[in-house]
Structures are given as C-alpha cells and as structure tokens.
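The values are calculated or read from the model by the stated rules, or taken from the named source; none is laboratory data. Just so it is clear, the structure is predicted and the values come from calculations on it, not from any experiment. Please note: Cβ atoms are built from the backbone with ideal geometry, for glycine as well, and neighbour counts cover all protein chains shown.
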Amino acid sequence: MKTYVLDTSVIIKWFSEYNEDDLDKALILRTRILQDKCSVIVPALMFYELANALRYNTRFTDEDVKDAVKSVIDMGFSVKDLEASVIARAVEIAFRYGVTVYDAYFLALSQIEKKPFITADYKFIKRIRGFKNIMRLSET
C-alpha cells in the first residue's frame, strides 16, 4: 500500500466549497484513504493548522470545527509527534528557501520518512524547487 505525507492544504479542501480548485482530486484521495487503498502520515502540527484554518472560515461554527477535526482524527492517520531530526531539517529548509518552518516541517517529514509529499500549496512548491517526491494535488 502506498503511503503519503499529506499537507494541511490538501485536507482543508475536504471541507471546502464546490468551486475550490482541485476539490475533485482531494475528494478522490480522501475516498482512497477511507477505502484503505493508501495510508497517510502527518505531523501532529497538521491538526492545529487544520483547526486554525477552519476557525477562520465564516461558514464554520466552533462545533463545526471540532467535528471536522475529529473526523480527520478518526481517519486513523499515522501521526508523528515532534522529532528533533525533523525540526532540524525543517529549519534548514525554511532558511534556505525562505518558507515557514510550519510548511517546511511537512516536507522534512516526507524526506525523513522517505514518502511522497502531496500538497495543494503550489506557491510553496515553486519556492522549494529541486526536491524529489513532491506531488501536486492536481497531479494525483
């Protein structure tokens, strides 16, 4: 079974409106995960980012955000706690490419785990050219 590191930008789309770019790809990926056709690794940080992004969605109440985050928790991802080697690599990437440590952490995790990284943050991809195993959600 194929395993991926998923960026929060992909997971947020599961809770988006119909005119969202790549929503169809995000929903297909979610279905594949729910059908155990692939597995997912995320840093614990992802849940904080997800909750924060949804908190600022005007369509969501506090109960909606709690329910959304719980639904993702219930999907049974492999959740990685903070690791010194991953944060060290994330800091290196952040300084070298001028990106946030938050975003770099997902990429660093995918490198250390040797798993493809799927993201819908195409500006991030442009900034970190040269890395292998990065997949645009639109190409999944």
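A few remarks follow.
- Residue in region 23-43 that is within 9 Å of the chain's Cα centre (by Cα), closer than 30 Å to A84 by Cα, in a helix (DSSP H, G or I) and not hydrophobic (A, V, I, L, M, F, W, C) present: no
- Residue that is modelled with the lowest pLDDT [pool: residues in region 120-133 that are touching a helix residue (DSSP H, G or I) at 6+ places or on another chain (Cβ under 7 Å) and either in a helix (DSSP H, G or I) or surrounded by fewer than 23 Cβ atoms within 10 Å (Cβ to Cβ) (or both)]: F131
- The lone exception for I73 - which of (1) touching a residue at least 24 places away in the same chain (Cβ under 8 Å); (2) out of contact with any Phe, Trp or Tyr (no Cβ under 8 Å at 6 or more places or on another chain) it fails: (2)
- D81 meets all of the listed conditions (1) more than 18 Å from N133 (Cα to Cα); (2) touching a Leu at 6+ places or on another chain (Cβ under 7 Å); (3) in contact (Cβ under 8 Å) with a residue 24 or more places away in the chain but one, namely (2).
- Qualifying residue in region 64-74 (condition: among the basic types (K, R), touching a helix residue (DSSP H, G or I) at 6+ places or on another chain (Cβ under 9 Å) and either farther than 22 Å from L107 by Cα or modelled with pLDDT under 95 (or both)): yes
- Within region 43-63, being in contact with a Leu (Cβ under 8 Å, 6 or more places away or on another chain), closer than 22 Å to L109 by Cα and without any contact (Cβ under 8 Å) to a residue 60 or more places away in the chain holds for one residue alone: A44.
- Residue list for region 62-86, restricted to those being part of a helix (DSSP H, G or I) and under 16 Å from I41 (Cβ atoms): V72, I73, S85, V86
- Test: residue in region 87-106 that is under 21 Å from L27 (Cα atoms) and either crowded, with 17+ Cβ neighbours inside 10 Å or of a type in the set (G, A, S) (or both): yes
- Odd one out for W14 among (1) farther than 26 Å from K126 by Cβ; (2) aromatic (F, W, Y); (3) in contact with a helix residue (DSSP H, G or I) (Cβ under 6 Å, 6 or more places away or on another chain): (1)
- I93 falls short of the stated requirement of being closer than 20 Å to K2 by Cα and aliphatic (A, V, I, L, M).
- Every residue from region 62-86 that is among the hydroxyl-bearing types (S, T, Y) and surrounded by 12 or more Cβ atoms within 10 Å (Cβ to Cβ): S78
- Residue within region 79-102 that is under 16 Å from the mean Cα position of the chain (by Cα), within 29 Å of S16 (Cα to Cα), at pLDDT below 95 and of a type in the set (G, A, S) present: no
- The test for being touching an Asp or Glu at 6+ places or on another chain (Cβ under 7 Å) and exposed (fewer than 15 other Cβ atoms within 10 Å of the Cβ) holds for A44.
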